[in-house]
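*Asks:* If you scroll down you'll find the structure; I have some questions about it.
The values are calculated or read from the model by the stated rules, or taken from the named source; none is laboratory data. In this text the structure is predicted, and so the values were computed from the model without any measurement. Neighbour counts run over all protein chains shown; Cβ positions are idealised from the backbone, glycine included.
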Amino acid sequence: MTAMVNAHYTKDLQELFVKAPALKDRIEYTLWFFPEVINIKFGRASRSAYYDGGTGTVRLTKISSNYVIGHEITHFLQDEAHFNGKTLPKGERQCDLFLFARSPALVADFWKAGDNSYIGWALDIGGLRSVYSREEGQAMIFEVCREAVARYNRGPCHYVSWAEKRINENIAGRLKDRGL
Ligand SMILES: [Zn+2]
């Protein structure tokens, strides 16, 4: 499976692919959701994944999840120095929101320990796990974030906090329905 994108992998990352071939699969899968990305550079991070704004490189580790890969690609889309298209608003929560609005498959896996996120800090994760399966919850968060992006496109507004509040309201509604 190859995405329609010219992805450049640094030598140290290609060496990592030998030990962790699934990482390359996750990068290619995640790139499918970014049709606006034509050229992009990926490298290896020594400790945790980050976007290297100095060189415009997404740096990953062998355990980087689809969420983490998508989050760092979204930072590339926020970077007018390296991304040639229309850039996205800056910020960590903005980064998560625009990522989650692309596909349920890119919503952080809150059901699995380790896949945390910036928007996740504002959410009732315990409640989310207790009343939503992963598939349902990722779909719900995707829908809310997609609506938040539509609000952002209509004009200045607090679309990130709106989305966080709306997700928590959906969780609270289900908890109430179930008498929890
Ligand atoms: Zn970030």
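*Asks:* Restricting attention to the stretch 15-33, which residues are more than 17 Å from L106 (Cα to Cα) and among the acidic types (D, E)?
*Replies:* E15
*Asks:* Tell me, yes or no, whether the stretch 165-175 has at least one residue that is touching a residue at least 40 places away in the same chain (Cβ under 8 Å), assigned to a loop (DSSP other than H, G, I, E, B), surrounded by fewer than 21 Cβ atoms within 10 Å (Cβ to Cβ) and outside the structural domain of R26 (by TED's automatic domain parsing).
*Replies:* no
*Asks:* Moving to a separate point now. When you go through G91, G54 one by one, which is the residue that is surrounded by fewer than 16 Cβ atoms within 10 Å (Cβ to Cβ), away from the ligand (no atom under 12 Å from the Cβ) and either at pLDDT 95 or above or more than 16 Å from the chain's Cα centre (by Cα) (or both)? Give the steps one after another, and end with the answer.
*Replies:* Values: G91 fails: away from the ligand (no atom under 12 Å from the Cβ).
Exactly one residue qualifies, and that residue is G54.
*Asks:* Report whether or not W121 is at pLDDT below 95, part of a helix (DSSP H, G or I) and of a type in the set (F, W, Y).
*Replies:* yes
*Asks:* Take the residues in the stretch 64-88 that are over 15 Å from the mean Cα position of the chain (by Cα) and modelled with pLDDT of 95 or more; name whichever of them is nearest to the ligand (Cβ to nearest atom).
*Replies:* Among them, the one singled out is D79.
*Asks:* Residues being more than 16 Å from the ligand (Cβ to nearest atom), of a type outside the set (D, E, K, R) and in contact (Cβ under 8 Å) with a residue 40 or more places away in the chain: count how many of those fall in the stretch 115-132.
*Replies:* 6
*Asks:* If you don't mind, another one. Which pairs turn up if I take residues in the stretch 37-50 that are at negative phi and look for partners that are at pLDDT 95 or above and assigned to a loop (DSSP other than H, G, I, E, B) with beta carbon separation below 6 Å, at least 6 apart in sequence or on another chain?
*Replies:* Qualifying pairs under 6 Å: G43/T10; A45/T61; A49/T61; A49/S64.
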